[in-house]
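Asks: Quick one: the structure is below, questions incoming.
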Amino acid sequence: PMSQLFLYAAVIGGTILVAQFALMLFGVGADTDLEAGDVGHDQSPFLKLFSLQTIAAFLTFFGLVGLGTGHLGWSPLAVAMAAAAAGTAALLLVGKMMRALSHLQSQGNVDLQNAVGRTGSCYLRIPAAGAGQGRVLLQVQGRTVECRAISRSRDEIPTGARVRVLERTDDDTLVVEQVA
């Protein structure tokens, strides 16, 4: 009766957790979060708690604590309350851990629009008046990047010269000017 419910919950939840862990070790499914919060930005914080990971944690701990306390001679109500409390605590803890981990993720993409107004140095000379491309090095979003660059000036920009980014073109080439 109740012990079978706890056993099924523990087996199902534990199987999901072990399968997710095994897939994660092999790099499969790393980006397949099934969190309700991923569907829309207007979800309530309560709904964001529910993901495959948090539900699996709830089932696992609900089942394990239910099985463990059932053998202690507790009343069925006390067993159910202890199992529900353990499952809820596991759900909340895993939800909090997943939220903390999601804040550690980084896309790694540099948005070159953030380069506009920044200064850097000419890495490969830039021909005059858009007659060709050169390369520049500059700091964008906390990292040093090397980018294609053109100049609209009548003078070539030599290697090593300081440059300022004026704009970014549609093909991610930077328009730069030499600065003193």
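Asks: Are there any pairs, at least 6 apart or on different chains, whose C-beta atoms fall under 8 Å, with the first in the range 1-24 and without any contact (Cβ under 8 Å) to a residue 40 or more places away in the chain and the second in a helix (DSSP H, G or I), and if so, which?
Replies: Qualifying pairs under 8 Å: Q20/L52; Q20/Q53; Q20/A56.
Asks: Oh, and also: Would you mind stating whether L64 is in contact with a helix residue (DSSP H, G or I) (Cβ under 7 Å, 6 or more places away or on another chain) and at pLDDT 90 or above?
Replies: Here the answer is yes, as L64 does meet what is asked.
Asks: While we're here: Consider S151 carefully, then state whether it is hydroxyl-bearing (S, T, Y), open to solvent by less than 80 Å² (accessible area, probe 1.4 Å) and either under 30 Å from S51 (Cα atoms) or modelled with pLDDT of 95 or more (or both).
Replies: no
Asks: Tell me, please, whether a residue that is open to solvent by less than 80 Å² (accessible area, probe 1.4 Å), at pLDDT 95 or above and in contact with an Asp or Glu (Cβ under 7 Å, 6 or more places away or on another chain) can be found in the range 87-102.
Replies: Within the range 87-102, none of the residues are open to solvent by less than 80 Å² (accessible area, probe 1.4 Å), at pLDDT 95 or above and in contact with an Asp or Glu (Cβ under 7 Å, 6 or more places away or on another chain).
Asks: Take the range 103-120 and flag every residue that is open to solvent by 60 Å² or more (accessible area, probe 1.4 Å) and either at pLDDT 95 or above or not aliphatic (A, V, I, L, M) (or both). Walk me through it before giving the result.
Replies: Step one: filter the range 103-120 for residues open to solvent by 60 Å² or more (accessible area, probe 1.4 Å), giving 103-107, 109, 111, 113-114, 118-119.
H103, Q105, S106, Q107, N109, D111, Q113, N114, R118, T119, listed by residue number.
Asks: How about the range 27-61: which of its residues are modelled with pLDDT of 65 or more, over 13 Å from A90 (Cα atoms) and assigned to a loop (DSSP other than H, G, I, E, B)?
Replies: G27, V28
Asks: While we're here: Can you name the number of the only condition in (1) within 38 Å of the chain's Cα centre (by Cα); (2) crowded, with 18+ Cβ neighbours inside 10 Å that I157 fails?
Replies: In the conditions (1) within 38 Å of the chain's Cα centre (by Cα); (2) crowded, with 18+ Cβ neighbours inside 10 Å, I157 misses (1) alone.
Asks: Go through the range 146-180 residue by residue and tally those that are assigned to a strand (DSSP E or B) and under 13 Å from Q113 (Cβ atoms).
Replies: Result for the range 146-180: 7.
Asks: Name, by its number, the condition in (1) at pLDDT 80 or above; (2) under 32 Å from the mean Cα position of the chain (by Cα) that does not hold for A82.
Replies: Just one mismatch for A82, condition (2).
The values are calculated or read from the model by the stated rules, or taken from the named source; none is laboratory data. All values derive from a computational prediction rather than experimental measurement. Cβ atoms come from the backbone with ideal geometry, glycine included; neighbour counts cover every protein chain shown. The area values use the complete protein model at the heavy-atom level, side chains included, leaving out ligands, DNA and RNA. Shrake-Rupley method; radii C 1.70, N 1.55, O 1.52, S 1.80 Å.
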